[in-house]
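**Q** Attaching a single structure in structure tokens format; questions to follow.
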Amino acid sequence: MNRRKRKIRHYSGIGGQAVLEGVMMKNKDMYAVAVRKPDGEVAVEVDEYHGLAYGSKLLNIPFVRGVFVFLDSLILGLKSLNFSSSFYEETKEKPSKLDEGIEQVSNGHEDTFLMVFTTLISFAFAIALFMILPYALSEVISKYARNDSLVAIIEGVLRILIFILYILLISTIKDIKRLFMYHGAEHKCINCIEKGRPLTVHNVKKSSRLHKRCGSSFILFVMLISIVLFFFIRIDSYVWRVVIRLLLIPVISGISYELIRLAGRTNFFLVRWISAPGLWLQRLTTKEPDEDMIEVAIRSVEAVFDWKEFLKDSFGYEIDESWLQDEENEV
């Protein structure tokens, strides 16, 4: 094989996320969730997800499509987390009053109700912690710093610092640390095939756990872009400044999606430069996985993506046993 080709990165189109003791991978409209069950076996669920704006021309409009992609990623992420957590739920002998109340309110659609409720609570928590709190702190600082431009920058810096502190705190939790390890396994699998390597445990271990199309990078783009947009808000009313910040969330999401999409499709030096902070952040949100985690991630990829065909089409070679043996013997 031509070793020079392996330095080239090809866009695979697949993406995913870590879930409880597993990995979700998505390829076009198909997605798979692979989970390591308590008994050590790997369960794999394959399903189809079309998205909120499926078939709509809105998905072809730059800066608009990002809003729908963001919402779809939240919905699919929660569906995947629900599947993975189902293997680790403690069996209850008798439904609690809360369970009975949820069943009555949801009219038998408990999973959908809980998914919507969890999404709303998570949204409210994120907005309060990463948007309202930095703004409130910057208002306190504004009493001592009369320069509005400086206060706007301070607000943005506070938002990023609070987010980093939040990541550092939750990473001390054992389950979250394992989640970050599965996150690393997801990235390493994608990097492995996009670098032209056969998807084996050996090759995945050698691959980077950092990827430019990561959701962590997306969140950082959101925060950096919010600094720029909020910098130009000059309204005296405290309430209206908060309202405008909330109304700008779809705009910020749309711009961030286009940047992350561009980062995943090109290696231009300017794109590498703006992607660098997101890659630095991923050193916190991803950890090196063990071989069992890598095996789970590979199962998820193979359920929805023909990586051998991808290597043939993108890099011009077919995988055979002798080549795989050479890979294992590489230093």
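The values are calculated or read from the model by the stated rules, or taken from the named source; none is laboratory data. All values derive from a computational prediction rather than experimental measurement. Glycine also receives a Cβ, built like all others from the backbone with ideal geometry; neighbour counts cover every protein chain displayed. When the accessible area is computed, the model is the full protein with side chains, heavy atoms only, and any ligands, DNA or RNA have been set aside. Shrake-Rupley method; radii C 1.70, N 1.55, O 1.52, S 1.80 Å.
**Q** To the nearest 10 Å², what's K79's accessible area with a 1.4 Å probe?
**A** Accessible area of K79: about 80 Å².
**Q** Now, a different point. Take the alpha carbon gyration tensor of region 212-329, find the square roots of its eigenvalues, order them as a ≥ b ≥ c, and report rounded if a/c is under 1.5; if not, report prolate when a/b exceeds b/c, else oblate.
**A** Prolate.
**Q** Only Lys, Arg, Asp and Glu count, each charged at its Cβ (+1, +1, -1, -1), so figure out the dipole size of the chain about its Cα centre, rounded to 20 debye.
**A** Value, rounded to 20: 1860 debye.
**Q** Ok, one more. Quick one: what are the phi-derived ³J(HN,Hα) couplings along region 208-224, Karplus 6.51/-1.76/1.60 with θ = phi - 60°, whole Hz, x for glycine and proline?
**A** Once rounded to whole Hz, the list reads 6, 8, 9, 9, 5, 9, 6, x, 5, 5, 4, 4, 5, 4, 4, 5, 5.
**Q** Can you tell me how much longer the chain between A126 and K177 gets when fully stretched, taken as 0.36 nm per residue apart minus their C-alpha distance, in nm with one decimal?
**A** 16.3 nm
**Q** Okay, moving on. Tell me, what ³J(HN,Hα) does each residue in region 49-61 have, in order and in whole Hz, if you take phi through Karplus 6.51 cos²θ - 1.76 cosθ + 1.60 with θ = phi - 60° and put x for Gly and Pro?
**A** So the J values, rounded to whole Hz, are 9, 8, x, 5, 10, 4, x, 7, 6, 4, 6, 9, 9.
**Q** Would you mind listing how long the chain runs along its three principal axes, going by Cα atoms, in whole Å with the largest first?
**A** Per principal axis, max minus min of the Cα coordinates gives 70, 59, 43 Å.
**Q** For every other residue with a beta carbon closer than 14 angstrom to the beta carbon of I176, add +1 if it is Lys or Arg and -1 if Asp or Glu, then tell me the sum.
**A** +2
**Q** How large is the accessible surface of K212 in square angstrom, using a 1.4 angstrom probe and rounding to the nearest 10?
**A** 40
**Q** Residues of region 49-91 with backbone nitrogen within less than 16 Å of a virtual label 7 Å along the Cα-to-Cβ line of L229, please, listed as ranges.
**A** 62-71
**Q** How much of the accessible area of region 155-296, in percent, comes from carbon and sulfur atoms when a 1.4 Å probe is used?
**A** For region 155-296, the apolar C and S fraction of the accessible surface comes to 69 percent.
**Q** Residues with beta-carbon under 10 Å from that of A34, excluding A34: net charge, scoring Lys, Arg +1 and Asp, Glu -1?
**A** With Lys, Arg at +1 and Asp, Glu at -1, the net is -2.
**Q** Still on this model: Just to verify a number: what accessible area does R265 come out at with the full protein assembly present, 1.4 Å probe, Å² rounded to tens?
**A** 120
**Q** Suppose accessible area is computed on protein heavy atoms with a 1.4 Å probe; arrange R283, R65 from highest to lowest.
**A** Correct descending sequence by accessible area is R283, R65.
**Q** Still on this structure, please answer the following. Over the chain, with the other protein chains present, what is the accessible area per residue in square angstrom, probe 1.4 angstrom?
**A** Spelled out: the 1.4 Å probe surface of the chain, per residue, equals 56 Å².
**Q** Loop only by DSSP, 13 or fewer other Cβ within 10 Å of the Cβ. Give me the chymotrypsin sites (Phe, Trp or Tyr not before Pro) in region 215-292 that pass, ordered by residue number.
**A** F232, F268
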